[in-house]
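For reference, the structure is listed below as structure tokens.
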Amino acid sequence: RRPGIVIAGRLGALAAALFRRALDLMTALCGDLPVDKVVAIESRGFILGAAVADRIGAGFVPVRKVGKLPSKTVKVSYDLEYGSDSLEMHHDAIEPGQRVLIVDDLLATGGTARATVDLVKQLGGRVEGIAVLIELVELNGRAKLEGEKLFAVLKY
């Protein structure tokens, strides 16, 4: 055996254990919320969101950059520090009154999360909470999410 393969195997096992632990913590933080759908933000949010949806028995909805979804969509634009961007969701992904948990890997300035909240509400969904693995506190993304329940596993 090459030493790199043995190290990779051990690191792979550690990564799997840490991923399970991150999911355990995310589920513990927000698993008691009444949720019909988990809406996850492209693309790392998909990894966490799909697993959380499975664990809590909810449906899964992807939010993507413009032009990536195959069916009719709704769109929201938001400002960045250096310009603007847009996100889309299928127009029939959320039914009016459905309860939604938004999941992403990182909360930085809050623009993407705010845009996703706006998409869900545009379709008549109720945002029960926003769960992120990491919150970069110094960037004050919470300010854009005032009034929303925000759950962060790690804060830096």
Exercise. Near the amide H of K75, under 5 Å away, which other amide H atoms are found, from residues 5 or more places off or on another chain, if H is placed in the peptide plane?
Worked result: none
For this session: Nearest 5 is fine: what % of DSSP beta bridges in the chain come out antiparallel, could you say?
Result: 30 percent
For this session: Give, in nm to one decimal, the length gained when the segment between R142 and L11 is fully stretched (0.36 nm per residue of separation minus the Cα-Cα distance).
Result: 43.8 nm
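Using 0.36 nm per residue, how much length does the chain from A28 to A108 gain when fully extended, once their Cα-Cα distance is taken away? Before the final figure, lay out each step's value.
Details: separation 80, 0.36 × 80 = 28.80 nm, distance 2.21 nm.
That pair, A28 and A108, stretches by 26.6 nm at full extension.
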Exercise. Quick one: how many lysine pairs in the chain have C-alpha atoms under 28 angstrom apart, if they're 8 or more apart or on different chains?
Worked result: 24
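Calculate what fraction, in whole %, of the accessible area of the chain sits on carbon and sulfur atoms when a 1.4 Å probe is rolled over the protein chains.
So the carbon and sulfur contribution to the accessible surface is 53 percent.
Using only the Cα atoms, work out Rg/Rh for the chain, with Rh taken as the Kirkwood radius, to two decimals. Walk me through the numbers on the way to the answer.
On the way: Rg = 16.5 Å, Rh = 16.2 Å.
On the Cα set of the chain, Rg over Rh gives 1.02.
Tell me, in nm to one decimal, what length is gained between S77 and F19 on full extension, where the rule is 0.36 nm per residue of separation less the Cα-Cα distance? Don't skip to the answer; put the middle values down first.
Values: separation 58, 0.36 × 58 = 20.88 nm, distance 3.15 nm.
Taking S77 through F19 to full extension adds about 17.7 nm, to one decimal.
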Exercise. In terms of the Cα gyration tensor, with a ≥ b ≥ c the square roots of its eigenvalues, is the range 67-156 rounded because a/c is under 1.5, prolate because a/b exceeds b/c, or oblate?
Worked result: oblate
Exercise. Over all Cα pairs of the range 26-86, how is the pair count split among 10 Å bins, expressed in % and running from 0 up to the last occupied bin?
Worked result: 20, 43, 28, 9
Seminar exercise, completed: The helix 44-56 Cα axis meets the longest alpha-carbon principal axis of the chain at an angle in degrees, between 0 and 90 and rounded to 10, of 90 degrees
Problem set entry | Residue list for the range 94-128, given a label point 7 angstrom along the Cα-to-Cβ vector of K155 and an amide N cut-off under 17 Å | 106-110
For this session: Kindly report the accessible area of the chain per residue (heavy atoms of protein chains, probe 1.4 Å, no ligands, DNA or RNA), in Å².
Result: 55 Å²
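Using Cα-Cα distances under 8 Å and only pairs 6 or more residues apart, what relative contact order does the chain have, in percent? Can you show the working numbers first?
Working: 294 pairs, mean separation 33.8, N = 156.
Once normalised by length, the contact order is 22 percent.
The values are calculated or read from the model by the stated rules, or taken from the named source; none is laboratory data. These numbers were taken from a predicted model, which means no experiment stands behind them. Here the Cβ is made from the backbone with ideal geometry for all residues, glycine too, and neighbour counts use every protein chain on show. Keep in mind that these areas ignore ligands, DNA and RNA; they rest on the heavy atoms of the full protein, side chains included. Shrake-Rupley method; radii C 1.70, N 1.55, O 1.52, S 1.80 Å.
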